[in-house]
Amino acid sequence: MVRLVCKNCNEDISGAYVKVGRQALHPGCFRCQHCEGVIDGAFVEAKGSFFHPPCHHEATAPRCALCGRAIEGKFYSVEGKTYCELDYLKSMALRCDLCGEVLDGKFGINDWGQRACRHHSKGECHSCGRWFNSPAIPDSVRQLCPTCKPTEICPEHLGRFGGGFAEKALGLIGLRFSPPLVELRLVEDLKGVRVKGRSRRGMETHGVTRTSIQTQGRSEVSRTVQGIDLLSGLSRIHFESVLAHEFGHVWLFVNRCDTLSPMQAEGFCQLLALRWLEEIQTPESGVLQRGLFSLDDPIYGAGLDLIHAAWQRNRKVGVLASIGFDGV
């Protein structure tokens with residue numbers, strides 16, 4: 001008679017036994033390595049040890065760094081840590097800043113770092129570029145976000161922006177200016193306005209300085225600044241940067257800087273807008289500053305790059321003298 005010895009307790013086996021491969025065990029000695037309970041059904045063998053199937057998963061599956069439980073099914077790894085799907089979606093997943101839903105697949109991101117689903121409608125602030133919840137409306141309608149809307153410039157505000165504003169704006173690049181009385185108007189649309197030498201490449205015009213020159217024969221008799229038209233629906237910071245730009249045109253016109261190229265003239269005016277925004281130092285002004293430098297335009301963008309670089313190199317001689325213009 002063949003002697004059977006239990007692999008676990010090394011005692012002789014007499015009666016029923018469990019055979020696993022070439023091993024024989026008392027039924028009570030066939031135990032789970034993890035919970036130490038008797039195995040009386042399905043089991044998993046791993047590296048010479050035996051487990052209940054659930055215990056094998058519990059013992060060997062990765063554990064969630066948040067809840068500590070063994071992970072079943074889908075899991076996520078972030079910076080060397082593993083998370084179950086539930087905790088990842090609850091605490092770690094990127095979510096839409098507008099609706100709060102988990103971002104799955106493609107999504108949009110803007111200069112503010114906002115992330116948004118692509119499937120729902122959203123408003124984009126015309127002044128600062130923030131996204132916000134808004135019903136679908138035509139792209140031609142200018143909207144302001146909840147941050148910018150309270151600062152929107154209305155007709156009754158225009159009296160605040162007279163000669164003192166122009167003096168301060170020009171003073172930021174070291175120029176003294178006592179401007180003529182200039183009428184400011186808010187207009188709904190400037191798309192139909194044509195201005196000599198301005199190339200916008202599809203960009204929306206936000207301001208226009210209206211001027212006239214009276215001549216007799218070939219001689220100039222007088223020149224007049226008729227006014228400045230500014231697009232309505234702008235936040236205060238956006239409006240002020242546009243107005244600083246347009247007062248640059250007033251200064252150039254009054255001082256007869258007519259021989260400047262369009263790129264030089266617009267670059268000069270863009271520098272005024274930039275300097276105004278730099279003085280304000282808010283998140284909104286920072287976005288507008290970056291927008292000025294990111295313009296892919298041979299007149300506005302290239303002009304600012306030219307004038308800003310020249311002014312940075314030699315502020316002492318004045319911005320126009322720094323590019324070799326001595327007409328003032």
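Read the figures in this text as sums done on the coordinates, not as results from a lab. This one's a predicted model, so the numbers in the text were calculated from it and none came from an experiment. We place every Cβ from the backbone using ideal geometry, glycine too, and count neighbours over all the protein chains shown.
The table below lists the values:
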read-out	value
183, 156 arranged by Cβ crowding within 10 Å, fewest neighbours leading	156, 183
Relative contact order [Cα under 8 Å, 6+ residues apart], the chain, whole percent	9
Charge dipole (the chain, unit charges on Cβ, about Cα centre) - positive-most of 169, 49, 214	214
Per-residue ³J(HN,Hα) for the range 11-23, Karplus 6.51 cos²θ - 1.76 cosθ + 1.60, θ = phi - 60°, Hz, x for Gly and Pro	8, 5, 9, 10, x, 5, 8, 10, 10, 10, x, 9, 9
Mean residue ellipticity (222 nm) of the chain, computed from DSSP H runs ≥ 4 via -39,500 (n - 2.57), nearest 500	-8000 deg cm²/dmol
Amide hydrogen neighbours beyond the local backbone of residue 95, cut-off 5 Å, H modeled	103
Degrees separating the helix 236-254 axis from the principal Cα axis of the chain, which is the longest one	30
Proxy reagent accessibility, fewest Cβ within 10 Å first, across 25, 86	86, 25
Packing-based ranking, highest mean first, of 266-275, 61-70 given that Cβ atoms within 10 Å are counted	266-275, 61-70
Listed peptides 32-40, 227-235 by packing density, highest first (mean Cβ within 10 Å)	227-235, 32-40
Protection proxy ranking of 10-17, 287-294 - average other beta-carbon atoms within 10 Å, highest first	287-294, 10-17
Ranked list, fewest to most other Cβ atoms within 10 Å of each Cβ, for 76, 88, 83	76, 88, 83
Whether the range 154-323 is rounded, prolate or oblate, judged on the alpha carbon gyration tensor where a/c under 1.5 counts as rounded	rounded
Amide hydrogen neighbours beyond the local backbone of residue 49, cut-off 5 Å, H modeled	none
Amide H contacts under 5 Å for residue 144, placed H, 5+ residues apart	126
Residue among 236, 313, 218 with the largest mean-square fluctuation in a Gaussian network model of the chain, springs linking Cα atoms under 10 Å	218
Identified option (computed Kirkwood radius over Cα pairs in Å; candidates (1) 33.3; (2) 26.0; (3) 20.6)	(2)
Calculated from backbone phi, Karplus (6.51, -1.76, 1.60) coupling profile of the range 177-190 in Hz, x at Gly/Pro	8, 10, x, x, 5, 10, 7, 9, 10, 9, 10, 6, 8, 10
Dipole magnitude (debye, nearest 20) for the chain, charges at Cβ of Lys, Arg, Asp, Glu	460
Over 23 Å between alpha carbons, listed pairs 7/47; 74/106; 19/47; 47/74	47/74
